[in-house]
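Okay, so here's the structure we're looking at.
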Amino acid sequence: MKIPLFIFIFLGIYLLLNGYLYTRGLQMLPQGSIRLIYSILFVLLPLSFIAGMVWEDKFPIKMTAALQTIGGTWLIASMYLFAFVLILDVIRLADHYFCILPDFIKQNYQTVKLVIGGSALLILAIVFIIGNIRFHKIETVNMTLHTAKHIAYEPKIVVVSDLHFGYTITAEGAKKFVDAINRKQPDIVLICGDLFDRSLRPVIQARISDELKRIKAERIYAVPGNHEYYGGVDDALKYMIESGITPLRDSIAEPYPGIVIVGRDDRTNTRRKSVKELMRGHEADFTILMDHQPYELNKAEEAGVDVQFSGHTHDGQVWPINLIARSIYEKSHGYLKKGHTTFYVSSGLGIWGPKVRIGTQSEIVVADIQKENP
């Protein structure tokens, strides 16, 4: 299975961050066996994430699932703890030069450090509990798409993205997602990439295809995302077909006369077709483009696409990564109108890593296509 270079770069930064946290945390603890326990934990927690990601198919499935859950949780927790400790260090530095801390803190420094550390961990635990509740709460985004073009039918379309079936989201999650889709009673279901997390091993073992076959819709289409490429795109597309899903990889489908679904390959494939190539001959049709990663939106507008649905960003998944995502993408989440083209970037139904959303939402998009009154 292909592991992208940026993951190794990310892991290097992650280890440096944890080294800083370890050093500062150790200084807060009193001498004794608690430091040994702390040191062991600080080795195991970061390594669980690395082992669960890099060697995910080498361990038993349940062990990998546990490693990815524990390691992913620590990944997010360490980000918040790093920010917290950094703020404390800035305060300490300011006190060194300007003596801003009151005397009672300096006189009870060891106790204050333990109270602050314990309070930080308690707040972090509460944030994660709320984040897990938020992940399980699926929001519905309703939109009506009007067209003056001739269409033979006005379908209801359900759009989902980033379900990430794998070691952490398994059969239980698949059942929940499929039930949520079916409650919307769609005519068409569009899956905008990253149906699978990476490896198909846990997907096959959990019989995710049995759940996907329960989707009640006349047509189900999907495009590959970057995660399908990480795990092997050809095998992923084959599994989609076995699950009753029609993959569109630089190809089109016409579910109803006058309505064309354009499925673009993921930008991981640098030789994929341009939007203009895919649109050729369909200018008179009502066109819906699925493109997993929401880059170069102007290309879809210039090609005359009516609607584009994307995913990939997860809206950052947790704060403040959502703020970073907004600086990277023209639209990291939500609705955008450019010229005659409507864009919607979904925050995703699933997640990557631990089952938490902090400051973001899991969502299903329900789009009703309606003819404009003459």
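All of the numbers you see were taken from the coordinates with simple rules; none came from a lab. Every value quoted in this text rests on a predicted model; they were computed, and no experiment measured them. Here the Cβ positions follow ideal geometry from the backbone for every residue, glycine too, while neighbour counts run over all protein chains shown.
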*Positive-end extreme of charge dipole, the chain - chosen from Gly311, Phe8, Phe84 (charges on Cβ)*: Phe84
*In order through the range 286-295: 3J(HN,Hα) via Karplus (6.51 cos²θ - 1.76 cosθ + 1.60), integer Hz, x for Gly, Pro*: 7, 10, 10, 9, 9, 9, 3, 9, x, 9
*What order do you get for Ile7, Ile351, Ile220 when you list them from fewest to most C-beta neighbours inside 10 Å?*
Ile7, Ile220, Ile351
*Contour minus end-to-end for Leu124 and Asn269, with contour as 0.36 nm per residue of separation and end-to-end as the Cα-Cα distance?*
48.3 nm
*Angle in degrees between helix 33-54 and the longest Cα principal axis of the chain, rounded to the nearest 10*: 20
_Contact order normalised by residue count of the chain, Cα under 8 Å, 6+ apart, percent_ = 20
_Full-extension gain between Ile105 and Ile50, please, as 0.36 nm times their residue separation minus the C-alpha to C-alpha distance._
16.0 nm
*Report the GluC sites (Glu not before Pro) located in the range 204-244 that are in a DSSP loop and have at most 16 other Cβ atoms inside 10 Å of their Cβ, or state none.*
Glu218
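Are there chymotrypsin sites (Phe, Trp or Tyr not before Pro) in the range 282-374 that DSSP puts in a loop and that have at most 14 other Cβ atoms within 10 Å, and which ones?
Filter output for the range 282-374: Tyr295.
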_the chain - charge dipole about Cα centre, Lys and Arg +1 at Cβ, Asp and Glu -1, debye rounded to 20_ = 820
*Calculated [θ] (222 nm, deg cm²/dmol) that DSSP helices of n ≥ 4 give over the chain, each run adding -39,500 (n - 2.57)*: -15000 deg cm²/dmol
*Kindly state, to the nearest 0.05, the FRET efficiency for Glu218 paired with Arg183, given R0 = 22 Å and r defined as their beta-carbon distance.*
0.85
*Using DSSP, restrict attention to beta bridges with both residues in the chain and report what percent are antiparallel, rounded to the nearest 5.*
25
*asked:* Modelling each spin label as a point 7 Å along the Cα-to-Cβ direction, I'd like the Thr144/Tyr335 distance in nm, to one decimal.
replied: 1.1
*Toward the positive end of the charge dipole of the chain, about the Cα centre and with charges on Cβ (Lys, Arg +1; Asp, Glu -1), which of Ala180, Ile151, Ile40 goes farthest?*
Ile40
*Taking the range 14-77, which chymotrypsin sites (Phe, Trp or Tyr not before Pro) meet the DSSP loop condition and have no more than 13 other C-beta atoms within 10 Å?*
Trp55
*Chain lengthening between Glu372 and Tyr153 when straightened (0.36 nm per residue, less Cα-Cα)*: 77.6 nm
*asked:* Taking Cα Rg over 2.2 N^0.38 Å straight from the coordinates, which label in (i) 1.00; (ii) 1.13; (iii) 0.95 is the correct one?
replied: (ii)
